[in-house]
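Take a look at the structure set out below.
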Amino acid sequence: MKYDIKLRFEVEGIVEKTDVIGAIFGQTENLFGDEFDLRELQDKGRLGRIIVEIRTKGGKSEGEIIIPSNLDRIETALIAAMVESVDKVGPYNSKFELIEIEDIRAEKLKKIIERAKGILSSWSKEKSLDIKEVINEISSAVKVGEITEYGPERLPAGPDVDKDPNLIIVEGRADVINLLRYGYKNVIAVEGATSRIPETVVSLSKMKKTVIAFLDGDHGGDLILKELLSNNVKIDFVARAPVGREVEELTGKEIAKALSNMMPLTQYLKKIQEAEQAIAKNVIAKEEKPIQLEAAQQLVQITLPQNVLEEIKKLPGTLEGVLYDNNWNLIEKVQVRDIIPKLEAYEDNKVSYIVFDGVITQRLLDLASQKNIKMIIGARIGGINKRPQNVDILTFTDIISS
């Protein structure tokens, strides 16, 4: 990242970090089109994860925000100005103010220069070094964490796959490298297998080992687990990366947390089944056009009215939305930017369904829950941290591709 955008904020009520982040995403959405959609910029690596420090005092909230930016100076300044325009967090008025935009590269350069001075000073005071001894020491340290090739399939693995009583199975080489980086040497990859798991992995799992399947937090992770089980790999525990994240990108703390939260396989499968049954109870029966909803790592069948399906096909690219009542009767067509103000103005239970060409944000989801809205269908899902039990979520892709 090139810059850190640092802002302070005040909110006239008690809120949480997720409320602040949801407000930022929600109120900057579509201000300057998809090109400056914060979630899109994060997905492309142009913006980093938003860091929020928050304090409550006298019934109010205040704190600081850091937004890492890899954009140029003009674009970074525009992002700062967009965030400054946020004037509400949840139901409370708020004020966001820029503190500074820090040039990370300049600060890093200063530290490098100071460190170089220190190295040069120490170097000049020390006696001459035995370069062979130094090289051997460095080489030994590197070899400890080197990735190896295991079995006839030459699978990426850590050096302790044979020796360690625990075995961690991951998807690919990058996952192995990341786990080695943080000291996990009992790792082996199936190399993205989607139809046949290498026999070496099957055999390893049946040795006297505790086997942990450590999977990405997306549908790909679901497929890998399915293939492991269908190929008779013995799995004792299942660990998952956070939703939408991959094992290869996790930090050491995130890896430790994911492994500490791992579940016995039987408990994990039971939890999925219970979630699937709970979602199945919310089936909408209207007309006979089925669509698919991916939830709890399973696909659950639901139906939508034909007129709604046709409307959804027309919406992409329009930045428009449609509000429906409990019987899928049209209430109003609106611009995406006006959806939240419209909902705030409507009485509870007036709107039951929302279909719109925009991002489903935490702010919209929270408001929908308050207004007893049953379902939101959007172009895509933004940074959702808290998902209300009473609101179903779908994307256009779930519907149009089915």
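From the phi of every residue in the stretch 32-48, what ³J(HN,Hα) in whole Hz does the Karplus formula 6.51 cos²θ - 1.76 cosθ + 1.60 yield, where θ is phi - 60° and glycine or proline is x?
Going residue by residue, I get 10, x, 4, 4, 10, 6, 4, 5, 4, 5, 5, 4, 8, x, 7, 10, x Hz, with x marking Gly and Pro.
When the chain is fully extended, how far beyond the present Cα-Cα distance does Asn390 get from Ile14, taking 0.36 nm per residue of separation?
Here the answer is 133.0 nm.
Please work out whether the stretch 362-402 counts as rounded, prolate or oblate from its C-alpha gyration tensor, where a ≥ b ≥ c are the square roots of the eigenvalues and a/c under 1.5 means rounded, while otherwise a/b larger than b/c means prolate and anything else oblate?
Cα axes put the stretch 362-402 in the prolate bin.
Given contacts defined as C-alpha pairs under 8 Å and at least six residues apart, what's the relative contact order of the chain, whole-number percent?
11
At q = 0.15, 0.19 Å⁻¹, what log₁₀ I(q)/I(0) does the stretch 148-271 have when each alpha carbon counts as one equal point scatterer in the Debye sum?
So the normalised log intensities work out to -0.58, -0.99.
Where in the chain lies the longest segment free of GluC sites (Glu not before Pro) that are both loop residues by DSSP (not H, G, I, E, B) and have at most 11 other Cβ atoms within 10 Å?
The segment 147-287 is the longest one with no such site.
Per the 1.4 Å probe, what fraction of the accessible area of the stretch 3-103, in percent, lies on carbon and sulfur atoms?
Ligands and nucleic acids excluded, carbon and sulfur reach 47 percent.
Suppose the chain between Leu319 and Gln273 were pulled fully straight at 0.36 nm per residue; how much longer would it get relative to their current alpha carbon spacing?
Taking Leu319 through Gln273 to full extension adds about 12.9 nm, to one decimal.
Tell me, what is the 1.4 Å probe accessible area of Phe36, in Å² to the nearest 10?
Near enough 30 Å² of accessible area.
Under a Cβ-only charge scheme (Lys and Arg +1, Asp and Glu -1), can you give me the dipole magnitude of the stretch 335-376 about the Cα centre, in debye to the nearest 20?
60
Taking the solvent-accessible surface of protein heavy atoms with a 1.4 Å probe, what is the per residue accessible area of the stretch 171-226 in Å²?
With the other protein chains kept in place, the stretch 171-226 gives 43 Å² per residue.
Can you give me the solvent accessible area of Asp87 with a 1.4 Å probe, rounded to the nearest 10 Å²?
Rounded to the nearest 10, that gives 90 Å².
Which whole-Hz ³J(HN,Hα) couplings does the stretch 258-272 yield from phi under the Karplus relation 6.51 cos²θ - 1.76 cosθ + 1.60, θ = phi - 60°, glycine and proline marked x?
4, 6, 5, 9, 4, 10, x, 3, 4, 5, 5, 5, 5, 5, 4
For the chain, with only Lys/Arg (+1) and Asp/Glu (-1) charged at the beta-carbon, what is the dipole magnitude about the Cα centre, in debye rounded to 20?
Once rounded to the nearest 20, the dipole reads 1040 debye.
Treating cross-link reach as a plain straight distance, find the lysines whose alpha-carbon is under 21 Å from the alpha-carbon of Lys226, omitting any fewer than eight places away in the same chain.
Filter leaves Lys206, Lys209, Lys234, Lys270, Lys271.
Where a ≥ b ≥ c are the square roots of the eigenvalues of the C-alpha gyration tensor, would you call the stretch 181-244 rounded, which needs a/c under 1.5, or, failing that, prolate if a/b is larger than b/c, or oblate?
Note, shape of the stretch 181-244 comes out oblate.
Does the stretch 306-401 classify as rounded, prolate or oblate by the C-alpha gyration tensor (a ≥ b ≥ c root eigenvalues; a/c under 1.5 gives rounded; else a/b over b/c gives prolate, otherwise oblate)?
rounded
With a 1.4 Å probe and every protein chain left in place, work out the accessible area per residue of the stretch 306-401 in Å², rounded to a whole number.
Heavy-atom accessible area per residue stands at 45 Å².
For n ≥ 4 DSSP H runs only, could you compute -39500 (n - 2.57) per run for the chain, divide by its residues and tell me the 222 nm figure to the nearest 500?
Using -39500 (n - 2.57) per qualifying helix, the result is -11000 deg cm²/dmol.
Out of [x] 43, 34, 17; [y] 43, 23, 18; [z] 31, 27, 18, which label holds the value of semi-axes √(5λ) of the Cα gyration tensor in Å that was computed here?
[x]
Describe numerically, in nm with one decimal, the distance between label points set 7 Å from Cα along Cα→Cβ at Lys350 and at Arg115.
Inter-label distance under the simple model: 5.8 nm.
Which whole-number percent gives the relative contact order of the stretch 1-121, counting Cα pairs below 8 Å spaced six or more residues apart?
It comes to 41 percent, rounded to a whole number.
For the stretch 306-401, give the percent of accessible area contributed by carbon and sulfur heavy atoms, probe 1.4 Å, rounded to a whole number.
44
The values are calculated or read from the model by the stated rules, or taken from the named source; none is laboratory data. Everything numeric here is computed off the predicted structure, so don't read it as measured data. Heads up, the Cβs are rebuilt from the backbone with ideal geometry, glycines too, and the neighbour counts pull from every protein chain shown. Side chains are part of the model used for accessible areas, which takes the heavy atoms of the whole protein and leaves out ligands, DNA and RNA. Shrake-Rupley method; radii C 1.70, N 1.55, O 1.52, S 1.80 Å.
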